[in-house]
Amino acid sequence: MAVRSDEPILAERPMYFRYAARASGGHCVNGVAAASPTWFFAEGCSRDGFDTFLCIGNPNPEAAAVSIAFMDEAGCKSAVELSLAPASRTTLRVNEVAGGGHDISAAVSSDSDIVVERPVYFLFASQSLAP
């Protein structure tokens with residue numbers, strides 16, 4: 001979604017959910033001021049009880065080449081490369097692409113301006129989201 005105004009505004013996206021039929025909650029994110037070719041997420045988690053995602057949007061009329069570098073708590077790195085179709089969005093489950101059981105940071109880069117969000121769903125108690 002693109003929101004434009006000739007006056008200063010604040011755009012946000014509130015979301016309320018019941019995730020995996022076991023966790024309920026909500027979150028709200030401010031809209032970004034602009035797309036960018038680089039995005040950094042200092043912390044994330046793929047340990048039991050956490051499901052972390054990267055939602056990547058390509059607002060451009062051309063495909064975007066996207067590279068994601070993950071780093072875990074031991075400094076080990078892994079990478080994912082993808083091509084994002086024009087005017088599309090994709091969602092990656094970090095637990096699957098970077099491996100489970102870690103604290104995970106991510107650096108996302110692209111050959112064009114993109115928008116990236118990192119939702120994290122978790123149970124507050126020591127329960128597992130796994131079915």
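Details
- Cross-chain or 6+ apart pairs with Cβ under 6 Å, the range 24-39 first and among the hydroxyl-bearing types (Ser, Thr, Tyr), then in a strand (DSSP E or B): Ser24/Arg18; Ser36/Asp113; Thr38/Ser109
- Among the residues listed as Arg4, Arg13, the single one being more than 30 Å from Leu123 (Cβ to Cβ), without any contact (Cβ under 8 Å) to a residue 24 or more places away in the chain and over 14 Å from the mean Cα position of the chain (by Cα): Arg4
Residue by residue, here is whether (1) in contact with a strand residue (DSSP E or B) (Cβ under 9 Å, 6 or more places away or on another chain); (2) aliphatic (A, V, I, L, M); (3) under 22 Å from Val3 (Cβ atoms) holds:
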site	(1), (2), (3)
Gly25	yes, no, no
Cys28	yes, no, yes
Asn58	yes, no, yes
Ala74	no, yes, no
Leu82	yes, yes, no
Leu92	yes, yes, no
Ile114	yes, yes, yes
Leu123	yes, yes, no
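- Matching residues, the range 98-121, being assigned to a loop (DSSP other than H, G, I, E, B) and open to solvent by 60 Å² or more (accessible area, probe 1.4 Å): Arg118
- Within the range 10-97, strands (runs of 3 or more DSSP E) holding 3 or more residues that are at negative phi, touching a Gly at 6+ places or on another chain (Cβ under 8 Å) and open to solvent by 50 Å² or more (accessible area, probe 1.4 Å): 12-19
The values are calculated or read from the model by the stated rules, or taken from the named source; none is laboratory data. It should be emphasised that the depicted structure is a prediction, and the values quoted were computed from it without experimental measurement. Positions of Cβ are backbone-derived with ideal geometry, glycine not excepted, and every protein chain shown enters the neighbour counts. With ligands, DNA and RNA removed, areas are computed over all heavy atoms of the protein, side chains included. Shrake-Rupley method; radii C 1.70, N 1.55, O 1.52, S 1.80 Å.
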